[in-house]
Each structure stands twice: as C-alpha cells, then as structure tokens.
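The structure appears below as structure tokens.
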Amino acid sequence: MKKILLVIDMQNDFVDGVLGTQEAVAIVPDVVAKIKEYPLENIIATRDTHGDDYMETSEGKHLPVIHCVKDTDGWQLNPSVGEALSGAKIINKPYFGSKELVETIGEMTQTDEIAVELIGICTDICVVSNAMMLKSALPEMEIVVDSKCCAGVTPESHEAALLTMKMCQITVK
C-alpha cells in the first residue's frame, strides 16, 4: 500500500500571521518531523489561495480577515515547513476543500492501493473539509488524521473536528 501525506495549509498567515494561534506555532516541529517520515514523491501540500477580491467572496463576507493572498508573505508556507516540503507537489486551493486534491488522489488509486494521512491547519475548517471530501469520493480508502500535527481555530473546535472525523470513519490518532 502506498501511503500519501497531505499537508494542509501550513502557511504563515495560519501559523503566526493574521489568523495564527499558539497551537499552530506549537505543531510546526511535529509537522516537519512527520514530513521527514515520507518520501517527497508521496507528499502533497495545499495552500489556501485568495485574490485581491477576497472580501467580495462568500468566505470573505463570513470571515472578514484578509489572508493568504497569492504571492504575499502570509500566503507562503511557514519557513520550516516549506524547507521540509521543498520539491513536493503543492496545490493552490481557493476554498476550504480542494477538488484538485481529491481528483489527484483519485487518479492515484487507479494504479495503486492508497492510504492518506492528513496534517495541518485548521483542523476544524480545511483539514476536516478535505478529509470529508476524500471520504465521500473514496469511501474505502484508509484516511488517517494525526491530531498532534493539526491545530484548530480554538482547542475546542479542534477537538470537535476530530470527533466529527472519527464519527465519519476517519481514523484519528
């Protein structure tokens, strides 16, 4: 079985930028260590990617904090994480979940038996969204979330997202 690591949105704005938290900062060493456990060809990372029109989007109207605007410092991967991911595939996604990510994993399942492990930020928004999209598209694929390599908007919403994923037959460790 081929194991694929999905590193979700480990960007400056979510780690220590405008939407950063102490929990996000705290997981960086664990995220880097996890990345080093996988061959680079078995890693896919995502970047939340917005444009200058962010405030006019549905997300911007509900979360009026400009963040992860393409090519800004906040959009870049955290430096330690970015260095560990150097050479890995990166998918820019305009919303919480990524259709491109699901399609990429789906294509991989055509030639290999795949299991995925998700880590990153925010557990309660983008991690859970991508985990649920993958579970819906590929219900028999093994999906694992490493809770020590994830951070939510709050510790409480992090735990709620982990419980939601467990209830939907996603393994949380």
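The values are calculated or read from the model by the stated rules, or taken from the named source; none is laboratory data. None of the values given here were measured: they were computed from a predicted structure. Neighbour counts run over all protein chains shown; Cβ positions are idealised from the backbone, glycine included.
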Candidate set: region 120-173, residues that are without any contact (Cβ under 8 Å) to a residue 24 or more places away in the chain and among the aliphatic types (A, V, I, L, M); chosen: the one farthest from Gln76 (Cα to Cα): Met167
Residue within region 12-28 that is of a type outside the set (Asp, Glu) and in contact with a Cys (Cβ under 6 Å, 6 or more places away or on another chain) present: yes
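Asp48 - would you say it is out of contact with any Gly (no Cβ under 8 Å at 6 or more places or on another chain) and free of Cβ contacts under 8 Å to residues at least 24 places away in the same chain? Let's see the steps before the verdict.
Details: out of contact with any Gly (no Cβ under 8 Å at 6 or more places or on another chain): yes; free of Cβ contacts under 8 Å to residues at least 24 places away in the same chain: no.
Spelling it out, it is not the case that Asp48 is out of contact with any Gly (no Cβ under 8 Å at 6 or more places or on another chain) and free of Cβ contacts under 8 Å to residues at least 24 places away in the same chain.
Take the residues in region 1-18 that are more than 15 Å from the chain's Cα centre (by Cα) and outside any strand (DSSP E or B); name whichever of them is surrounded by the most Cβ atoms within 10 Å (Cβ to Cβ).
Taking region 1-18 first, the residues more than 15 Å from the chain's Cα centre (by Cα) are 1-3, 16-18.
Right, trim to outside any strand (DSSP E or B) and you get 1, 16-18.
Values: Met1: 8, Asp16: 15, Gly17: 18, Val18: 12.
Step by step, filter region 1-18, then rank; the result is Gly17.
Test Asp73 against the criterion of being surrounded by fewer than 15 Cβ atoms within 10 Å (Cβ to Cβ) and either among the basic types (Lys, Arg) or under 21 Å from Asp52 (Cβ atoms) (or both), and give yes or no.
Numbers: surrounded by fewer than 15 Cβ atoms within 10 Å (Cβ to Cβ): yes; either among the basic types (Lys, Arg) or under 21 Å from Asp52 (Cβ atoms) (or both): yes.
Considered against the rule, which asks whether it is surrounded by fewer than 15 Cβ atoms within 10 Å (Cβ to Cβ) and either among the basic types (Lys, Arg) or under 21 Å from Asp52 (Cβ atoms) (or both), Asp73 comes out as yes.
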Qualifying residue in region 50-61 (condition: under 12 Å from the mean Cα position of the chain (by Cα), outside any loop (DSSP other than H, G, I, E, B), modelled with pLDDT of 95 or more and under 23 Å from Met133 (Cα atoms)): no
Residue among Tyr95, Tyr38 that is under 14 Å from Ile119 (Cβ atoms) and either of a type in the set (Gly, Ala, Ser) or in a loop (DSSP other than H, G, I, E, B) (or both): Tyr38
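Pick from region 101-113 the residues that are part of a helix (DSSP H, G or I) and either at positive phi or out of contact with any Ser or Thr (no Cβ under 9 Å at 6 or more places or on another chain) (or both): which of them is surrounded by the fewest Cβ atoms within 10 Å (Cβ to Cβ)?
Taking region 101-113 as the starting set, the residues that turn out to be part of a helix (DSSP H, G or I) are 101-108.
Imposing the further condition that a residue be either at positive phi or out of contact with any Ser or Thr (no Cβ under 9 Å at 6 or more places or on another chain) (or both) reduces the set to 103, 105-108.
On the way: Glu103: 12, Ile105: 22, Gly106: 14, Glu107: 10, Met108: 18.
Here the answer is Glu107.
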Every pair of residues 6+ apart whose Cβ atoms lie under 9 Å, when the first sits in region 92-119 and is under 30 Å from Thr72 (Cβ atoms) and at pLDDT below 95 while the second is of a type outside the set (S, T, N, Q) and part of a loop (DSSP other than H, G, I, E, B): Pro94/Gly51
